[in-house]
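In what follows, a single structure is set out as structure tokens and then discussed.
Please treat every number below as a calculation from the coordinates, not as lab data. If you're wondering where the values come from, they're calculated on a predicted model, not measured in any experiment. Note that each Cβ is placed from the backbone with ideal geometry, even for glycine, and that neighbours are counted across all protein chains shown.
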Amino acid sequence: MNQVKRALVIGGAGGMGAAGVKSLVKAGWQVTIADLSEPDVDLGSAAFFKTDVSSDADLRAAVEGSVKILGGLDAVWNNAGVCLLGNAETMKVEDFDKSYLVNVRANAILARLVVPHLRTAGGGSILFTASGAGVFIAPGVMPYGVSKAALVAMTRHLALEYGKCGIRVNALCPGWIDTKFNTPSWELFGGRETFLEKVPASIPLGRMGTVEEMGDFVRFILSPEASFMTGQALTMDGGESLRAGATR
Ligand SMILES: NC(=O)c1ccc[n+]([C@@H]2O[C@H](COP(=O)([O-])OP(=O)(O)OC[C@H]3O[C@@H](n4cnc5c(N)ncnc54)[C@H](O)[C@@H]3O)[C@@H](O)[C@H]2O)c1
């Protein structure tokens, strides 16, 4: 008989994270959520941990609390991130530092905390949300793009290091997904309506992705169905990267 799988989803209260939690719960997983704020609706999770990923202590409490409540962990997904913009001259230096803290360092600390538990479980899956901007170069997003590229590199290091323990590590690299995370980006186009008039036309599939599409993909990546996939930057962008830079 298959054992019930257990996951911690960080940044799981909203957007893609919440959709991933829903998809996992629907498939019978036991899930805990860590986030800055509680979900607006009941997602069926076993517990919520108020967490800022830039705090090592918060991350530790979420991981150790989840292990205690679920009896162990088989998968961890960190979807929390920050998007700060600019080029070498226009960016704020503190934004560059914050991008590193939230998008890179927090994931390194998280891996350090969860690897021993996944090893105890006989293996498992770690997923970080990186970005298409971490794989393909776009103008005006240096703090964000550089930090997400570093996260993709860290994904590969971890996958190489811990494959022998049965631990798979992958990076999700979304294109435009319809969440509130993009509100500042829409403003750069003059608002959401103008964005929708201009951008989807240059995406081969002609639209933004939905959180449900991402949630179901994440459930697949975390599950044993994806048991031979590790160290990958998994792009989900409607084909936008086929003409990288065209919309950004
Ligand atoms: N939406 C997109 O188009 C897109 C594209 C590429 C990459 N991403 C990445 O996806 C992630 C954002 O996901 P989303 O689009 O579903 O956004 P979202 O804003 O809808 O959800 C993000 C969730 O993370 C939580 N969160 C934010 N900062 C946190 C922190 N410091 N500690 C703990 N929780 C925190 C938020 O409260 C929220 O519940 C980021 O890592 C971002 O870089 C998004």
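Structural remarks
- Spatially proximal lysines relative to Lys22 (Cα-Cα < 29 Å; intrachain offsets below 8 disregarded): Lys5, Lys50, Lys68, Lys148, Lys180
- Once both labels are positioned 7 Å from their Cα atoms along Cα-to-Cβ, the gap between Glu225 and Gln3 label points is 2.2 nm.
- Note on the chain: GNM, Cα springs under 10 Å; of Leu205, Leu85, Leu70, the largest mean-square fluctuation is that of Leu205.
- Pairwise label distance in nanometres, Ala61 with Asp42, each label 7 Å out on the Cα-Cβ vector: 2.5 nm
- Rounded to the nearest angstrom and listed largest first, the equivalent-ellipsoid semi-axes of the chain from its Cα gyration tensor are 29, 19, 18.
- Of all the options Val53, Val199, Val169, the one that moves most in a Gaussian network model of the chain with Cα springs shorter than 10 angstrom is Val199.
- Taking amide H as placed 1.01 Å from N in the peptide plane, Thr230 has no amide H partner under 5 Å among residues 5 or more places away or on another chain.
- Kyte-Doolittle mean at least -0.5, axial Cα span of 24 Å or more - DSSP H helices of the chain: 142-162
- The separation of the stretch 96-121 from the stretch 1-26, counted between C-alpha centres, amounts to 18 Å.
- Inter-centroid distance (Cα atoms) of the stretch 41-58 relative to the stretch 179-205, Å: 29 Å
- With contributions of -39500 (n - 2.57) from each DSSP H run of at least four residues, the per-residue ellipticity at 222 nm computed over the chain stands at -12000 deg cm²/dmol.
- Gained length - Lys50 relative to Val93, 0.36 nm times residue gap less alpha-carbon distance: 12.7 nm
- Extension gain, His157 back to Arg112 (0.36 nm per residue minus Cα-Cα distance, nm): 14.9 nm
- Residue of Ala226, Ala75, Ala19 that the Gaussian network model of the chain assigns the largest fluctuation, springs spanning Cα pairs under 10 Å: Ala226
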